[in-house]
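Rule-based calculations on the coordinates, nothing more; no lab input. These figures come from a predicted structure and were not determined experimentally. With ideal geometry, Cβ positions are generated from the backbone for all residues, glycine too; neighbour counts draw on all protein chains shown.
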Amino acid sequence: MGKPAKIITAFAVFGLIVAAAAYAYAALDDYTKPMSGFRYAVTTTSIILCPPQLLFTFCIDCEAIGWGGFIMYSMIGVLNAALYAVIGAIFVSLRRKPSSA
C-alpha cells in the first residue's frame with residue numbers, strides 16, 4: 001500500500017473513531033439532567049466532527065443504548081468514515097507537488 005492510500009485509510013479510521021466516541025458519549029450521557037456548558041461544548045464538537053449524526057436528528061424515539069443504537073451509530077460510523085476518506089483524498093491531492101515541465 002502506497003503512502004497516499006495509507007493517509008486516506010488513516011483519515012477513514014479517524015472518522016470511525018470519532019463516530020465511536022460520539023456513540024459512547026450518547027450512550028453514557030444522562031439526558032435527563034439540564035444542559036451545562038461542558039455538555040453543550042461536547043455535543044457541539046461531536047456534531048461538528050461527526051456530521052452524519054444530523055441524519056438521525058428526527059429520530060426522537062431512537063435510543064443510543066442497546067442494539068438499535070448500535071446499528072444506528074454503525075451506519076453513522078460508516079458514513080463518517082467515508083466522509084473522512086473523501087477529506088483524506090482531497091488532502092492527498094492538494095499535498096502532491098505539481099510536476100514541472
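Below 8 Å, C-alpha to C-alpha, sequence gap of six or more: please give me the relative contact order for the chain in percent.
Contact order relative to length: 53 percent.
Mean 1/r over all different Cα pairs, inverted: what Kirkwood radius does the chain give, in Å?
About 15.1 Å, per the Kirkwood formula over Cα pairs.
Could you list 75, 1 so that the one with the fewest beta carbons within 10 Å of its beta carbon is first and the one with the most is last?
Going from least to most buried by this count: 1, 75.
Helix by helix through the chain, keep the DSSP H runs that span 24 Å or more along the axis on Cα and average at least -1.0 on Kyte-Doolittle, and give those back in order.
Values: long enough: 3-28 (37 Å, 1.54); 67-95 (41 Å, 1.51).
Within the chain the helices that satisfy the rule are 3-28, 67-95.
Determine which residues of the range 77-93 fall in the zone a paramagnetic label at residue 7 would reach in this model, i.e. backbone nitrogen under 17 Å from the point 7 Å along Cα→Cβ.
Inside the label zone: 84-93.
Quick one: 84, 31, fewest Cβ neighbours within 10 Å first, how do they rank?
Fewest to most other Cβ atoms nearby, the residues stand as 31, 84.
Can you put 48, 60, 7, 90 in order of Cβ neighbours within 10 angstrom, beginning with the fewest?
By the 10 Å Cβ count, ascending: 60, 48, 90, 7.
Given the options 32, 45, 57, state which has the largest fluctuation in a GNM of the chain using a 10 Å cut-off (strictly under) for Cα springs.
32
What 222 nm value per residue comes from the helices of the chain, counting each DSSP H run with n ≥ 4 as -39,500 (n - 2.57) and dividing by all residues, nearest 500 deg cm²/dmol?
On the way: 3 runs with 68 residues, N = 101.
Per the formula, -23500 deg cm²/dmol.
Taking 0.36 nm per residue of separation and subtracting the Cα-Cα distance, what length does fully extending residue 87 through residue 71 add? Before the final figure, lay out the partial values.
Values: separation 16, 0.36 × 16 = 5.76 nm, distance 2.44 nm.
Here the segment from residue 87 to residue 71 would lengthen by 3.3 nm.
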